[in-house]
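Heads up, the thing below is written out as C-alpha cells.
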Amino acid sequence: MIKLILKWLILLALLSYIAIASMWAIDYAEQQTLDDIVISIDKNSPTRFVTKEGVIQKLGKTADKIKHTPIAELNIEKLERQLSQDNSFENVECYITSDNKLQIDIVPMIPEIRVFSPDGKSYYINKDGKRIDTGNEFFMDVPVVTGNFDQKFPAKNILPVTRHIAADDYLKNLITMIEVKSATNILLYPCIKGQVINIGDTTELTKKFDNLTLFYRKVMNHKGWETYDTISVKFRNQIVATRRDKSKKIHSIEVDDSVNIDEQSLQGIDLLDQ
C-alpha cells in the first residue's frame, strides 16, 4: 500500500514538474526577442538599386522596435504588407526562422523605362506599367521617355516602341530619346544633332521601323544624313523627309509592300541634291 502511494506521489511530482517546465518554456518563448534581421535580395534580379542597407533605412525606427518586441507579439503579416507597399519591391516575404531571426526576402521591381514629365519630375515604370519612384540612392540605364501621360495614354503604352528599339542594334545605337506629344504624335530623337523622327502612333511599328532603317542606310550611303531635319514614317507605306534648307521641297518616298525592304531604293529622291 505504501509503495503504491509512493508511486502516485512520484507520478504527481513528475506531472507537476512537466507542467511547471512547460509553463516556464512557454513564458520564456513568449519573451524571446529577435536575434537579428536578415535581408535577402533576389540574386537573379538584374537590378542593383535595392540594397540591404536601403531596406533597413526604409524600415527606419521599425527595425529597432521589432528587435525589442517579443517574437510572440510580432505581427509579421502586417510588416510584410507594409513593405509590399514600397513600389521598389516586386514581391516581399517575411518569416521567423528556427534560430529566432526575422528573414525578409525581396524581389526588386525591374525598371524598363524612365519617364520625365513636363515639370521635370521623373519616375521609372516596370513591364506592367507600375510606377517606381526615383531617388538619389540608385540610377538605372534604361530608355528615357518624355511626355505628359494620363489615363487615356499611360506611360506603359509606349513600351512597345522602346522594346522594338531595344531589340534592334541599329535602332538602339541610333535613337537617344523618345518624346510623346500625344498618342498619335510620337517623336524619336536620333544621335544626329537637330534631327527628329515622327512615327505617329504605336501601330504597325515593324513596318515603320523597317522603313526608317531603310531611309538611314540609304542616306548614310550617300553621306546625306545631315541633309534632313525631320523624317516621318507616320503615314502608311511612306517616308517623308524634310530638308534643313527650307528652300528645298519636302520629299516623299513611297514604299511598296511587295518589294523586299532591304533591296528597295528611295524612289523619287536625290540624296545629293542640296
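The values are calculated or read from the model by the stated rules, or taken from the named source; none is laboratory data. On a predicted model such as this, the values are computed, not experimentally measured, just so you know. Cβ: placed from backbone, ideal geometry, glycine included. Neighbour counts: every protein chain shown. Heads up: the accessible areas ignore ligands, DNA and RNA and are worked out on the full protein's heavy atoms, side chains in. Shrake-Rupley method; radii C 1.70, N 1.55, O 1.52, S 1.80 Å.
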Sites Lys121 and Glu53, calculated FRET efficiency, Cβ-Cβ separation with R0 22 Å, nearest 0.05: 0.30
Rounded FRET efficiency, nearest 0.05, which uses the C-beta distance separating Tyr95 from Asn44 and R0 of 22 Å: 0.65
Met177 accessible area, assembled protein chains, probe 1.4 Å, Å²: 60
Residue order for Cys191, Cys94 - accessible surface, 1.4 angstrom probe, largest first: Cys191, Cys94
Theoretical FRET efficiency, 1/(1+(r/R0)^6), r = Cβ-Cβ of Lys78 and Glu204, R0 45 Å, to 0.05: 0.35
Rh (Kirkwood; distinct C-alpha pairs) - the stretch 44-170, Å: 16.7
Area accessible to solvent at Arg236, 1.4 Å probe radius, in Å²: 150
Pair Asn148, Asp86: separation of 7 Å Cα→Cβ label points (nm): 3.4
The stretch 120-185: radius of gyration and largest Cα-Cα distance (Dmax), Å: 12.3, 35
Difference of contour (0.36 nm per residue) and Cα-Cα distance, Glu179 to Val107: 22.9 nm
